[in-house]
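The values are calculated or read from the model by the stated rules, or taken from the named source; none is laboratory data. Please read these numbers as outputs of a predicted model, since none were measured by experiment. Note that we place each Cβ from the backbone using ideal geometry, even for glycine, and neighbour counts take in every protein chain shown.
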Amino acid sequence: MAPLPKNIPLVYYCFAFLIGNFYHGHSQDSIPNYQHEIALNTTYLLADASAYLVYENRFDKKFSAGAGLWYGRYGINSKDFTDGYSDGTRDYEITPFARWYVRGTQRTSFFIQGFATIYGGRYDGISRETTAAGFGVYRRGINNYTNLALGAAIGQEFLLFKKRVSLELVFGLGGDLSGQEYYYDWGISIAQSGINIGYRF
């Protein structure tokens, strides 16, 4: 995901936090609860115009499970492999997760999340191939890769408009369990972070 201009993320997060607190201060009358939710990660949308969709099933007051799906081209690496930043792209992510809502009120809740991510794409590198005669040769070219990662996240959820709409601030990181082809710095390969806006039903 491409970096946003330096001052935009702070303003964006502060605005979301203030909106959430505004609605938290309103009356908490008896409002029906909803088990299912579809959300959009707006940070991905603003950073590189890609869609990251999230489904959540809140089967208990404190626990839920769901999955995220992202498909596109990963930020500054989307054009080609010679942009001077990296030698690969990320083309998709599938992220099942489980959440524990630690504490909160009817309108806002703090949660801890664990997730696994299967992601893949293409990289420009050297790979070993076997010829028809059975000899091993090394070639440089565009190759596909698939990796598996595990991670954890924390976040805050705000329920708005009679609990029909949710606003979530999430920050999470993860690292690869498998896959040797394409790496990010410091062993961090997954960033499940952003601001999610969802519809509950």
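When region 139-149 is filtered for residues that are modelled with pLDDT of 85 or more and of a type outside the set (S, T, N, Q), the ones remaining, listed by number, are LEU148, ALA149. Any chance you could count how many residues in region 42-78 are modelled with pLDDT under 90 and assigned to a strand (DSSP E or B)? So the count comes out to 2. Note on region 111-135: residues that are outside any loop (DSSP other than H, G, I, E, B), of a type outside the set (Val, Ile, Thr) and over 26 Å from the mean Cα position of the chain (by Cα) total 4.
Per this entry, PHE81 is counted among residues that are over 18 Å from the mean Cα position of the chain (by Cα), at pLDDT 50 or above, under 22 Å from TYR145 (Cβ atoms) and of a type outside the set (Ser, Thr, Tyr). What do you reckon, is GLY136 within 20 Å of TYR44 (Cβ to Cβ) and touching an Asp or Glu at 6+ places or on another chain (Cβ under 8 Å)? So GLY136 does not fit the description; no. Scanning region 107-121 for residues that are crowded, with 19+ Cβ neighbours inside 10 Å and out of contact with any Phe, Trp or Tyr (no Cβ under 7 Å at 6 or more places or on another chain) gives a single hit, THR117. Cβ-Cβ distances below 7 Å connect the following pairs, each with a first residue in region 170-183 that is at pLDDT below 75, a second residue that is not hydroxyl-bearing (Ser, Thr, Tyr), and a separation of six or more residues or different chains: SER178/ASN147; SER178/LEU148; GLY179/ASN147; GLY179/LEU148; GLU181/GLY125; GLU181/ASN143; TYR182/GLY88.
Take PHE161 and decide whether it is surrounded by fewer than 17 Cβ atoms within 10 Å (Cβ to Cβ), under 18 Å from TRP70 (Cα atoms), of a type in the set (Phe, Trp, Tyr) and modelled with pLDDT of 80 or more.
Judged against the criteria, PHE161 is not a match.
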